[in-house]
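Read-outs: derived from the displayed coordinates by stated rules, not from any lab. Fair warning: this is a prediction, and the values are worked out from it, not measured in the lab. Heads up, the Cβs are rebuilt from the backbone with ideal geometry, glycines too, and the neighbour counts pull from every protein chain shown.
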Amino acid sequence: MFKKTAGFGAVGLIALLIAGCSSSSTDSGAAASGAPSCPTAATPVTVSVNQWGNIVEQLAGQCGSVSTVVTASSGDPHDYEPTTGAIAAFSKAKMVVINGAGYDEWATKAVQANNSSADVVSAATVNNVQPGANPHLWYNPTYVTNMANAITAQLKVVAPDASSYFDERQSAFQAAMKPYFAEIDKIKGGAAGKTYGATESVFDYMAQACGLVNLTPAGYQNSITNESEPAPGDIAAFNADLTSKKMSVLIYNTQTEGSVPNQLVNKANSSGVPVVNVTETLPADVGTFEQWQISQLQSLSKALGLS
Ligand SMILES: [Zn+2]
């Protein structure tokens, strides 16, 4: 697989070592405004990656003290090596939220080694995702909904006195997610005949939910899925498809660094195939999970000529 950087550098490492994790359980977006205060002590919740972390923050509100280990500056979750501080964040948690599906195996290990009594909510388990499946579960709208429901259910188990508070947070989250589903429906409504190629599989669940046909050359896609370098013939096939504008758009994960994705983006640009930028994790300059996703969906809609 391609090397990814995502701002992964000395600064990010040091920040992580000092903080151990980032924590912001309040004011986490549209769903937080006007909320009542928590009737109980805040529950310590540790989340492996910020794609889920922000959702947990919104659902837990003031009743959660949420620590998220992999943030925008922590590098690629696929290759993440937890620091001592990150492992400590798991030790103190009453509840742990992970992606699963082999994506954040380090988190599972940290919980097993340090805090086996913590309640773990895994997106893979909640959605019955089989081993070897595409692990980018937060890009699947159905999985996100199921996971949000499971997180709320578990919060109510851990802090039953705050049950009605968590129900209100769940309602607020669902309201905040309405424009996200509306954007998906809009693209789906105009998706007939629309296709895409992707530099990697991060966005595939969402593209499928939007009704787009994946025309990424099979050989290239297999290499990416198996985390190996694509063969020259597969790269050439991808380039040829871009040159002939076989695909409506090219989906590009900007957190991927490598000569092959860069070359494909350049080819798309020179061929007049619109490039849609997506990211693996929630960017630092975006408020909430849904704002992040909606912004990307709007870019996709525009690139497809639907808005
Ligand atoms: Zn990925």
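If you average 1/r over every pair of different alpha-carbon atoms in the stretch 262-307 and take one over that average, what Kirkwood value in Å do you get? About 11.8 Å, per the Kirkwood formula over Cα pairs. Each principal axis of the Cα cloud of the stretch 78-198 was taken in turn, and the coordinate range along them, longest first, works out to 51, 38, 24 Å.
Taking the square roots of 5 times each eigenvalue of the Cα gyration tensor of the stretch 133-217, largest first, gives ellipsoid semi-axes of 32, 15, 7 Å. Need one number: % antiparallel among DSSP beta bridges in the chain, to the nearest 5. Here the antiparallel bridges make up roughly 10 percent for the chain. Treating only the Cα positions of the stretch 185-303 as identical point scatterers, give the base-10 log of I(q)/I(0) from the Debye formula at each q in 0.10, 0.17, 0.19, 0.23 Å⁻¹. Log10 of I(q)/I(0), two decimals: -0.28, -0.82, -1.02, -1.42. For the residue pairs K92/K156; K178/K267; K156/K186; K188/K245, the alpha carbons lie more than 27 Å apart in K178/K267; K156/K186. Per-residue packing, averaged as other Cβ atoms within 10 Å, sorts the ranges 229-236, 118-125 into the order 118-125, 229-236, beginning with the highest. Its residue count N sets the reference 2.2 N^0.38 Å, and the alpha-carbon radius of gyration of the chain equals 1.01 times that reference.
Within the chain, what is the longest stretch that has no trypsin sites (Lys or Arg not before Pro) placed in a DSSP loop and near at most 11 other beta-carbon atoms within 10 Å? Longest site-free region, per DSSP loop and neighbour criteria: 4-244. Loop-located GluC sites (Glu not before Pro) across the stretch 178-287 with a Cβ neighbour count of 15 or fewer within 10 Å are E227, E257, with loop assigned by DSSP.
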